[in-house]
Amino acid sequence: MILLITGPQASGKGTQAELLSAKLDLVHLSTGQVLREAIDADGSLGELIKGYVDKGALVPDSIIMMFLSTYLTPENLAKGIIFDGFPRIEPQLNLLEETLAEKKAKIDRVIFIDLSEQVVLDRLMGRLICDKCGANFNLKTLPPKEPGICDRCGGKLIRRSDEGSEAIKNRLKIYEQNTRPLFKIYKERGILEKLDGDRSIEVIFEDIIARLKKAGLVT
Ligand code: AMP
């Protein structure tokens, strides 16, 4: 099964992707996380990527596709993949579909977690990330058990370097101008599942599972 999970910043798509990958045994591929790991690994490619990410700009498709191609192995395709934060623009969607078609695969469902701009801004204020393992927390929706400490690995929780006000503005603009228009394409194809993201993590997760069952993708 190939799933895309999409939505505005802080919609909780990363959290839902993790839950889905655990429950359905899917490979979770977050392009944002892959890029952050490349930045942490240092070197000139990391520096180049950091320049885009810190501004809230899109990393060029050539770099994104280079990382993606390493994940689109026959083993991962057979297991199933959930793409998180990709595609963000129409050329990326076209590239993904061409690559999948070559491998006799296709996008089965797109899970769109919708959220109003006001709730997005409120949530972004409270967002924290572990500087060691990259786990996400939110003071409003998913607080850590101990303030400032990662539940998963004990690492330090920090604000993301791309969550200053200018970078956030850029990211929201790209989402509205480039990513949101893709939903029309998914809807026309009958593969879009639009969900209200202003509910608890558990309720949204149950809703996603129910829809995948209805689509005959999960038993
Ligand atoms: P995210 O963690 O999904 O919010 O992504 C963080 C940042 O990584 C984005 O603001 C972009 O700079 C970069 N990024 C993530 N996914 C993509 C993508 N599919 N194409 C281009 N840039 C991306």
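Write out, first by first residue and then by second, each pair whose Cβ atoms fall under 9 Å of each other, whose residues are 6+ apart or on separate chains, and whose first residue, in segment 71-95, is in contact (Cβ under 8 Å) with a residue 12 or more places away in the chain while the second is within 13 Å of the ligand (Cβ to nearest atom) and of a type in the set (Lys, Arg). Listed by first residue and then by second, the contacts come to Asp84/Lys13; Gly85/Lys13.
Just to be sure, is Ser30 in contact (Cβ under 8 Å) with a residue 40 or more places away in the chain, near the ligand (Cβ under 8 Å from one of its atoms) and within 17 Å of the chain's Cα centre (by Cα)? Judged against the criteria, Ser30 is a match.
May I ask you to verify whether Ile49 is within 18 Å of Glu163 (Cβ to Cβ), modelled with pLDDT of 95 or more and of a type in the set (Val, Ile, Thr)? Before you say what the answer is, go through the steps one by one.
Details: within 18 Å of Glu163 (Cβ to Cβ): yes; modelled with pLDDT of 95 or more: yes; of a type in the set (Val, Ile, Thr): yes.
Yes; evaluated as a whole, the condition is true for this residue.
Yes or no: Leu212 more than 14 Å from the ligand (Cβ to nearest atom), in contact with a Lys or Arg (Cβ under 7 Å, 6 or more places away or on another chain) and of a type in the set (A, V, I, L, M, F, W, C)? When the stated conditions are applied, Leu212 passes them. Could you please let me know if Ile158 is of a type in the set (A, V, I, L, M, F, W, C), surrounded by fewer than 19 Cβ atoms within 10 Å (Cβ to Cβ) and touching a residue at least 24 places away in the same chain (Cβ under 8 Å)? So Ile158 passes the test.
Could you list, in sequence order, the residues of segment 177-208 that are over 13 Å from Glu90 (Cα atoms) and of a type in the set (D, E, K, R)? Reasoning before the result, please.
Residues of segment 177-208 that are over 13 Å from Glu90 (Cα atoms), as a first pass: 187-208.
Selection gives Lys187, Glu188, Arg189, Glu193, Lys194, Asp196, Asp198, Arg199, Glu202, Glu206, Asp207.
Of all residues in segment 196-206, those being closer than 19 Å to Lys23 by Cα and in a strand (DSSP E or B) number 0. For segment 80-87, the criterion of being touching a Phe, Trp or Tyr at 6+ places or on another chain (Cβ under 9 Å) and more than 10 Å from the ligand (Cβ to nearest atom) is met by at least one residue.
Applying the condition of being crowded, with 17+ Cβ neighbours inside 10 Å and over 14 Å from Val110 (Cα atoms) to segment 175-197 and asking which residue is farthest from the chain's Cα centre (by Cα) yields Gly197.
So in segment 50-79, with the set limited to residues that are among the charged types (D, E, K, R) and within 13 Å of the ligand (Cβ to nearest atom), which one is surrounded by the most Cβ atoms within 10 Å (Cβ to Cβ)?
Restricting attention to segment 50-79, the residues satisfying the condition of being among the charged types (D, E, K, R) are 50, 54-55, 61, 75, 79.
With the extra rule that they be within 13 Å of the ligand (Cβ to nearest atom), the set shrinks to 50, 54-55, 61.
Details: Lys50: 19, Asp54: 16, Lys55: 14, Asp61: 16.
For segment 50-79, the residue satisfying everything is Lys50.
The values are calculated or read from the model by the stated rules, or taken from the named source; none is laboratory data. Keep in mind the model is a prediction, meaning the values are calculated, not measured. Here the Cβ is made from the backbone with ideal geometry for all residues, glycine too, and neighbour counts use every protein chain on show.
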